[in-house]
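Since the structure comes first, as structure tokens, the remarks are kept for the end.
Only the coordinates and a few stated rules stand behind these numbers; no lab work does. Just so you know, these numbers come straight off a predicted model, no measurement behind them. Note that we place each Cβ from the backbone using ideal geometry, even for glycine, and neighbour counts take in every protein chain shown.
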Amino acid sequence: MAKLYYRYGTMQSNKSNQIITTHHQYTTQGKQCLAYSTPIDTRSGFKKIRSRVGLELVCEYIHEHIYDEVREINETARVHAVVVDEAQFLSRKDIHNLSDIADYLDIPVICFGLKTDFRGELFEGSKVLLELSDAIDELKTICQFCNKKATMNMRMLDGEPINVGETIQMGDEEYVPVCRKCYKARLELVK
């Protein structure tokens with residue numbers, strides 16, 4: 001029985017590199033692995049997943065008919081896995097469609113994304129993935145300010161932490177991975 005996986009981490013926890021590596025492992029064995037992302041994130045270009053270390057993967061965008069698309073592709077040439085980047089931005093319906101791929105097509109679906117936003121609140125996609133996933137793995141990195149495990153994403157503006165603004169704001173340098181203690185301490189300085 002195939003599973004729905006959720007692999008989450010903070011910014012800079014190697015998520016994009018992991019998804020590209022996972023895709024590579026399947027395809028170098030001659031197995032078809034479909035890659036998807038969300039049209040919200042265009043930092044890497046149109047239909048691309050790019051890691052900070054320079055690796056890149058062409059992908060398709062998640063859409064409301066993904067289950068039917070994967071089913072049709074699988075009928076022609078077996079699909080061995082589906083990988084999804086930036087899964088935190090997906091809707092409840094998107095996640096249910098992905099779980100249907102695992103449940104009814106027996107194809108593993110491996111989602112990668114952030115768990116929480118810069119305020120420490122769950123994204124909708126992350127919430128549903130935490131509720132529905134068969135396996136949940138945390139990708140770890142260290143805090144920008146100390147050597148503890150980073151568990152939060154801090155948004156920065158001109159080198160200073162901020163806790164206001166739109167929930168979704170694409171960026172790389174605008175965010176740093178931090179532990180909860182440093183998150184609280186840095187934001188306390190801003191008040």
> Under a 5 Å amide H to amide H cut-off, with H placed in plane at 1.01 Å, what residues pair with Ile136 once short-range neighbours are removed?
Replying inline: Tyr6
> Sorting Glu86, Glu174 on the 10 Å Cβ count, fewest up front, what's the list?
Replying inline: Glu174, Glu86
>> I need the phi-derived Karplus couplings for the range 123-140: 6.51 cos²θ - 1.76 cosθ + 1.60, θ = phi - 60°, integer Hz, Gly and Pro marked x.
In response: 6, 4, x, 5, 4, 5, 5, 5, 6, 9, 5, 7, 9, 10, 10, 9, 8, 9
> Treating the beta-carbon of each Lys and Arg as +1 and of each Asp and Glu as -1, no other charges, what is the dipole magnitude of the range 4-140 about its Cα centre, to the nearest 20 debye?
Replying inline: 620 debye
> Label points 7 Å out from Cα along the Cβ direction at Ile136 and Arg78: separation in nm?
Replying inline: 3.2 nm
>> Taking percent of Cα pairs over 31 Å apart straight from the coordinates, which label in [x] 18; [y] 42; [z] 25 is the correct one?
In response: [x]
> For the range 4-140, what's the relative contact order in percent, using C-alpha pairs closer than 8 Å and at least 6 residues apart?
Replying inline: 37 percent
> How far is helix 180-190 tilted, in degrees, relative to the longest principal axis of the Cα atoms in the chain, given as a value from 0 to 90 rounded to the nearest 10?
Replying inline: 50 degrees
> Using the count of nearby Cβ atoms within 10 Å as a rough guide to exposure, how do Leu132, Leu114, Leu90 rank from fewest to most?
Replying inline: Leu132, Leu114, Leu90
>> Can you give me the long-range amide H partners of Lys115? Hydrogens built in the peptide plane at 1.01 Å from N, cutoff under 5 Å, separation of 5 or more residues or another chain.
In response: Gly9
> Counting other Cβ atoms within 10 Å of each Cβ, which chymotrypsin sites (Phe, Trp or Tyr not before Pro) in the range 1-78 have at most 12 and sit in a DSSP loop?
Replying inline: Phe46
> Residue by residue, what Karplus-based ³J(HN,Hα) values in Hz, rounded to whole numbers, does the range 17-33 have, using 6.51, -1.76 and 1.60 with θ = phi - 60° and x for Gly and Pro?
Replying inline: 4, 5, 5, 5, 5, 4, 4, 4, 4, 5, 5, 6, 9, x, 9, 7, 10
>> Is the C-alpha gyration tensor of the range 58-150 telling us rounded, prolate or oblate? Criteria: a/c under 1.5 is rounded; beyond that, a/b larger than b/c is prolate, otherwise oblate.
In response: prolate
>> To check you understand DSSP bridge types, tell me what percent of the beta bridges within the chain (both residues inside) are antiparallel, rounded to 5.
In response: 40 percent
> Rounded to the nearest 500 deg cm²/dmol, what is the calculated helix-only ellipticity per residue at 222 nm for the chain, with -39500 (n - 2.57) per DSSP H run of length n ≥ 4?
Replying inline: -9500 deg cm²/dmol
>> Under the rule of at least 5 residues apart or a separate chain, name every residue whose amide H is placed under 5 Å from the amide H of Val84.
In response: Tyr36, Ile110, Cys111, Phe112
> What whole number of Å gives the distance from the Cα centroid of the range 124-155 to the Cα centroid of the range 1-63?
Replying inline: 17 Å
> What list do you get for Lys3, Lys93 if you sort them by fewest beta carbons within 10 Å?
Replying inline: Lys93, Lys3
> What full-extension length gain, to one decimal in nm, is calculated for Lys149 and Glu121 as 0.36 nm per residue of separation minus the Cα-Cα distance?
Replying inline: 8.3 nm
